[in-house]
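*Asks:* For reference, the structure I am asking about is given below.
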Amino acid sequence: MFNLTGLLKRLVIGRARRSEELHETLLPKRLALPIFASDPLSSVAYATQEILLVLTLGGLAYLHFTPWIALAVVCLMTVVVLSYRQVVRAYPSGGGSYEVASTNLGASAGLVVASALLVDYVMTVAVSVASGVANIISAVPALVDHRVPMALTFVALLTAVNLRGVREAGSAFAAPTYLFITGVLIMVGTGLFRYLMGDAPVAESARYGIEPEPADAGLTGLALLMLVLRAFSSGCTALTGVEAISNGVPAFRKPKSKNAATTMAAMGLIAITMFSGVTTLAVVAKVHIVEHPCQLIGLPDCEDHTQRTVIAQLASAVFGGPETLGFYYIQAATALVLILAANTAYNGFPLLASILAQHRYLPRQLHNRGDRLAFSNGILALAVVAALLLWAYRADVTSLIHLYILGVFTSFTLSQSGMVRHWNRELRAEFDHTVRRRYHLARTVNATGAVVTGLVLVIVLATKFTQGAWLAVLAAALLWLMMRAIRRHYDAVAAELAVADPRSELSRPSRVTAIVLVSTLHKPTLRALSYARAFKPDRLEALTVAVDHEEAAGLRRQWQQLDIEVPLRILDSPYREITRPVVEYVRSVRRTSPRDVVGVFIPEYVVGRWWEHLLHNQSALWLKSRLLFTPGVMVTSVPWQLTSSARADRPAARAPGSVRRGEPTGERPAHHRARS
């Protein structure tokens, strides 16, 4: 069973890598772009759609705001990209927004950023996969009932690819990302060229009117402003994942900061071009998309109708229908890149979690690298939480999108505010006029970014909080509290374990009492007795529990017949318990001589088959777990390897390419004939 598991692991993940091979996983810019920027690049497939969905709540009357909202999103993206280029250069160690906020605004602000980003990374996986599945359904409507299983399958595939390592994931995801970019640019270019030639493409939904929601019809004044701001906040999903490059600077080839800044600039330019083109084309083609198909006036069988996404309607309009090669190319590339866009989170989440674990805000296991030098525990944690979200929300993009982007703008605002402080500190120490001018310009960029993203954060909170964003706020708050509690625990443990006087800690105990647990007189028992003797304790005794008095009497007779010099103590157990009498006796020894050390030796089996663990070991595990909480008590396992364990340990039975490092002789040895 274990060998089969090892073989499957090697087939899925690949051979283990040595630590010295870490430099081979560093990324060139052509691979770093699809790995760290697939989320913002792919968001053009749904950012425009989210703007239109909000505006069409009021019918057709408010669609003329679409270009202005898109322009505001483009300006915001430009400011954010320029601001994060400053972060990449100033903080190349890879902490990104978290490091900037922690260094300049304090640990609490850094944890706010970290918790917001961790929540947002989970949402990135959920939204990207759900959106990719939605585009597949647009091309093949018959799959609508299989939405959730498809989404969970894609999460499993993404997890497996990322467990193979960062470079392998980049190689796998590079082609789909570049195919998507090429396809969208060709579609936009073709559509706009037709428009200029007087043959504008027309979307399939253009012929339908839109019935407004009663509460959103005829809005004026503040109500209209709130609708526009809500559409703007939905369109800001185009900015998700922009900060991922700043978190992943250590994964770039040297010069790391320069390559990361160049990649970020390329990402910003491509994303802005595609988003602007798709939005312009959607306005030209008169795409009408609504939350519920029955809002489309004149649509037959609206109850059973599945709306195509904006990008699908544009591809159909530009390339001549839903049966054309161009349409299927765009749908396939879009679906694939949207699913692969989750890879931005698969790199950002484990990296950030690793840094937080290194700073003792998360469990230390998240800082460990797996066989393929990826942060495997972080990858698995992200996959599990994202899969639960997809299952809970039925992989519905509209439901999930309300939980989105709150975290990213929290990190934007705090990190840019922290950068302003960073430049203020640099300016106080710098007197060269040329350098000071450069610092002043950088501070202006970051200050503008802080103000703009702060305003957007307020807008997002105001427009999305009651629609579900409160869940994201609550999750981030709970995560913040949890990380502070973890740090307090680690600090308390470190303080308790700190050595103040090494000589006193190294002083020998007054006496050592060794107790060997016995149930039956057999080879494992005699080995444990012999091993305990080797320690030359001041006092040595054997201990058994009389669950059955006849068996206990028989054990005493055997003990006397073999003339074993070690005294045998029999504890009475009227309620047929094993653990409680042993623990109480050991504690009584400690109470009698508190300066003594008590060593408890447990004879145990080592088995080689998984089902054999079910037949042994249970009482020993309970005894160990209870004794480990008793001060001054040392628990020692004395293993006895059965034949099956030797067979399981044969090198020929191991999976090809597997390496066993520091494996114990038996992971779950058991006390022979232990009773519960």
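The values are calculated or read from the model by the stated rules, or taken from the named source; none is laboratory data. Just so it is clear, the model here is predicted, and its values are computed rather than measured. Using ideal geometry, Cβ is built from the backbone for each residue, glycine included, and neighbour counts are taken over all protein chains shown.
*Asks:* What number of residues within the range 87-98 are crowded, with 23+ Cβ neighbours inside 10 Å and assigned to a helix (DSSP H, G or I)?
*Replies:* Matching residues across the range 87-98 total 5.
*Asks:* Here's a follow-up. So, of the residues in the range 187-207 that are of a type in the set (A, V, I, L, M) and free of Cβ contacts under 8 Å to residues at least 60 places away in the same chain, which turns out to be nearest to residue 41 (Cα to Cα)?
*Replies:* It comes out as 196.
*Asks:* If I ask for residues that are part of a loop (DSSP other than H, G, I, E, B) and without any contact (Cβ under 8 Å) to a residue 24 or more places away in the chain, which ones from the range 269-296 would you list?
*Replies:* Listed by number, the list holds a single entry, 292.
*Asks:* Restricting the range 297-317 to residues that are in contact (Cβ under 8 Å) with a residue 24 or more places away in the chain and assigned to a helix (DSSP H, G or I), which is surrounded by the fewest Cβ atoms within 10 Å (Cβ to Cβ)?
*Replies:* Applying the filter and picking the extreme gives 316.
*Asks:* Only one of 332, 342 is over 25 Å from the mean Cα position of the chain (by Cα), assigned to a helix (DSSP H, G or I) and either assigned by TED's automatic domain parsing to the domain that holds residue 140 or farther than 28 Å from residue 183 by Cα (or both). Can you tell me which?
*Replies:* Result: 332 is the single residue among 332, 342 that is over 25 Å from the mean Cα position of the chain (by Cα), assigned to a helix (DSSP H, G or I) and either assigned by TED's automatic domain parsing to the domain that holds residue 140 or farther than 28 Å from residue 183 by Cα (or both).
*Asks:* Can you give me the number of residues within the range 613-653 that are modelled with pLDDT of 70 or more and acidic (Asp, Glu)?
*Replies:* Here the count works out to 0.
*Asks:* What number of residues within the range 250-268 are within 12 Å of residue 92 (Cα to Cα) and part of a helix (DSSP H, G or I)?
*Replies:* So the answer is 8.
*Asks:* Same structure again: Can you tell me which residues in the range 63-74 are over 30 Å from the mean Cα position of the chain (by Cα) and either outside the structural domain of residue 237 (by TED's automatic domain parsing) or touching a residue at least 24 places away in the same chain (Cβ under 8 Å) (or both)?
*Replies:* The answer is 63, 65, 66, 67, 69, 70, 72.
*Asks:* Something else: Output yes when any residue across the range 581-588 is over 48 Å from the mean Cα position of the chain (by Cα), surrounded by fewer than 14 Cβ atoms within 10 Å (Cβ to Cβ) and in the same structural domain as residue 643 (by TED's automatic domain parsing), and no when none is.
*Replies:* no
*Asks:* Which condition does residue 595 not pass, out of (1) within 14 Å of residue 632 (Cα to Cα); (2) modelled with pLDDT of 80 or more; (3) part of a loop (DSSP other than H, G, I, E, B), if it passes all the others?
*Replies:* Residue 595 satisfies every listed condition except (2).
*Asks:* While we're here: Taking the condition of being in a loop (DSSP other than H, G, I, E, B) and hydrophobic (A, V, I, L, M, F, W, C), how many residues in the range 198-249 meet it?
*Replies:* 7
*Asks:* So, one more: For the range 547-558, state whether one or more residues are of a type in the set (A, V, I, L, M) and out of contact with any strand residue (DSSP E or B) (no Cβ under 7 Å at 6 or more places or on another chain).
*Replies:* yes
*Asks:* Now, a different point. Could you check the range 1-55 for helices (runs of 4 or more DSSP H) lying wholly inside it with 1 or more residues that are surrounded by fewer than 16 Cβ atoms within 10 Å (Cβ to Cβ) and either modelled with pLDDT under 60 or over 24 Å from the mean Cα position of the chain (by Cα) (or both)?
*Replies:* 2-13, 29-42
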